[in-house]
1. Would you mind stating whether A:Leu193 is modelled with pLDDT under 85 and in contact with a Lys or Arg (Cβ under 9 Å, 6 or more places away or on another chain)?
2. Assigned to a helix (DSSP H, G or I) and surrounded by 15 or more Cβ atoms within 10 Å (Cβ to Cβ): is that true of B:Phe194 in this structure?
3. Sort out which residues of the range A:67-103 are loosely packed, with under 12 Cβ neighbours inside 10 Å and in a helix (DSSP H, G or I), and write them in order of number.
4. If I ask for residues that are at the interface with chain A (Cβ under 8 Å from one of its Cβ atoms) and modelled with pLDDT of 85 or more, which ones from the range B:154-167 would you list?
5. Please state which of the following conditions A:Leu64 fails to meet, knowing it meets all the rest: (1) at pLDDT below 85; (2) in contact with a Ser or Thr (Cβ under 8 Å, 6 or more places away or on another chain).
6. Does at least one position in the range B:269-284 carry a residue that is in a loop (DSSP other than H, G, I, E, B) and under 29 Å from B:Leu197 (Cα atoms)?
7. Which ones in the range A:263-283 are at the interface with chain B (Cβ under 10 Å from one of its Cβ atoms) and either in a helix (DSSP H, G or I) or touching a Gly at 6+ places or on another chain (Cβ under 8 Å) (or both)?
8. Could you list all residues from the range B:199-211 that are assigned to a helix (DSSP H, G or I), out of contact with any Ser or Thr (no Cβ under 6 Å at 6 or more places or on another chain) and either modelled with pLDDT under 90 or within 9 Å of chain A (Cβ to nearest Cβ) (or both)?
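The values are calculated or read from the model by the stated rules, or taken from the named source; none is laboratory data. Keep in mind that what you see is a predicted model, and the values were worked out from it rather than measured. Quick reminder, even Gly has a Cβ in these numbers, built from the backbone with ideal geometry, and neighbours come from all protein chains shown.
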Amino acid sequence: MSFSVTEPSLRTKWFAGFLVIGYAIITLIPLVWIIATGFKSPADSIAYPPVVVFEPTLEGYVNLFTDRTRATEQMLEDAGPPTTWYEQIARDRGTVISGPSRYGERFLNSVIIGFGSTALCMILGTMAAYAFSRFKVPLKDDLLFFILSTRMMPPIAVAIPIFLMFRNLGLNDTHLGMILLYTAVNLSLSVWLLKGFIDEIPIEYEEAALIDGYTRFQAFYKVVLPQAATGIASTAIFCLIFAWNEYAFAVLLTSGNAQTAPPFIPTIIGVAGKDWPAVAAGATIFLVPVMVFTILLRKHLLRGITFGAVRK
Amino acid sequence: MTNPAIEGAAKKTPDGLARRIRGLSDRTIAWIFVAPTIFLLLAVNIFPLIWTIRLSFTDFRVNRPNNEVEWVGLRNYQRILSDPDIWATMQATAHFLIWTIILQVLIGFTLAFLINKKFKGNDLWTTIIVFPMMLSPAVVGNFWTFLYQPQIGLFNYAIAFFTGADPASFSMIGDVNLAPWAIVIADTWMWTPFVMLICLAGLRSIPDSIYEAAECDRASKWRQFWTITIPMALPFLMLAVLFRGIENFKMFDLVVQLTGGGPGNTTTLTSIDLKREAFERWRTGYSSAYAVILFVTVFGLASIYVKALNKVKER
């Protein structure tokens, strides 16, 4: 092993590691608490002192996905014995399931709008980034600045006219409206990130392809796109996470049909007061995929965050 | 092997037609590629901004579309700038901005500095620390109200455990004095990782050779830190402050779910106030003027800041 004066000593490393891991554990506690609360019974969830060891139950998840009413004896007799495990859980609390809740729909809306806007944003963004990277577009610098400046506006400030515009066009509370909106919000950063990735691809590849008789379009999708795949993928993750988490536009512009999960989850209430296990269950289903994503794609993600910020 | 007949035909083909066969000209392709993006940004970003500016000079109300819209000139602006409630809102925003930035820079930079010591497994722990900033602020903010519950909340329990106070005796989001700190704590938990990542990029951009040279000159570690690490990481640190500043000036989702602006108006940040004016009181013209003032403020402050940043970079 070569000796380096800049390599920290072993003791320093231990000390640094100890502090960082300590911080990481503290920062994890709220997230672990969300996941744990999802598996608690309502009584356990509001117990004092807070319970760490408890008997896990799926009651929160059942309450999340169903609407229930308080059962009278008559209703229980009419309904007969419970046939499924989730009916059993509801019965144990003296309620009967009256139907599915809206959570499933809201979650599906999040998926549709998230993936739809990401796909559209990647198509438009890659094309624009390619043009900015390879061609002499008049006013190029102004356009890039214009793209960046659109990120400075508070969402509420532009929500008023967008609300009016969407109402006139019949886009209020539709999937298409939300997809277009999220695409526009994400485009500025995407073009900026993607241009960086495409700039790194040597222009000689395309020139060779053009000489071989490819048209510009062919050169674009047969040579440039495969080379930029990693960059496109990591930019797509950012767009997806933004659309997935977005709240301000969603709460103002959607109410029923196209409402996504973030405005819906806080409105979950139980039969008697706030049903925290159900809220936590909804949050868990919504948040855990992002955490898994973050771990799996950490290299691209972390690079993207700093790259996007530092290049500006 | 070329066929002379085909070559002749190719030469005779007029320029325009040949191009159509070969593909579109670069210029056309450039426009085809850029146009949809520009169009969408114009439609969803610039057009609304212009519309907001126009509305800000009227007394239009969305919930009364049949009322005749009157031009009121600068009256909306006058009313906003002379309204004491708005100044209270600005103060709440300033408190939130200043403290979140101070805490996030201190903690974020320290973490980045420690992670840069390259202990074993540092990238895994970095990823775990980054979790909060990847999650939905509204959903997480909603859950923080649970952590802040007076008797049953985990946060109150932890504070009580370490200080010996009664966990039911204080309410982070119900108390006028504590609520501004409740949102600072939640935001710091959520966004410190961002500052950390930017600082980490800054620290990693410092070449080892500089430290080696300093070591040869027998500069102490302390001195190396203040004369190499800090100045060289400063542009990155300032960049992180810029982004957090802009983002927290726009802050809406996390805080609206946490406190809803209460108790009273103690945590009513500008975005929350604006939302109330625009979508609860439906004073569209008035709130448009409000939006314009906010936008000009952010843009102005950011421009001044970027100038300062560029000076630091040049040094």
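1. In short, yes.
2. yes
3. Of everything in the range A:67-103, those that are loosely packed, with under 12 Cβ neighbours inside 10 Å and in a helix (DSSP H, G or I) turn out to be A:Glu73, A:Gln74, A:Glu77, A:Asp78, A:Trp85.
4. The answer is B:Leu154, B:Tyr157.
5. (1)
6. Yes, there is a match, as at least one residue in the range B:269-284 is in a loop (DSSP other than H, G, I, E, B) and under 29 Å from B:Leu197 (Cα atoms).
7. A:Pro263, A:Phe264, A:Ile265, A:Pro266, A:Thr267, A:Ile268, A:Trp276, A:Val279, A:Ala280, A:Gly282, A:Ala283
8. Hits for the range B:199-211 are B:Leu200, B:Gly202, B:Arg204, B:Ser209, B:Ile210.
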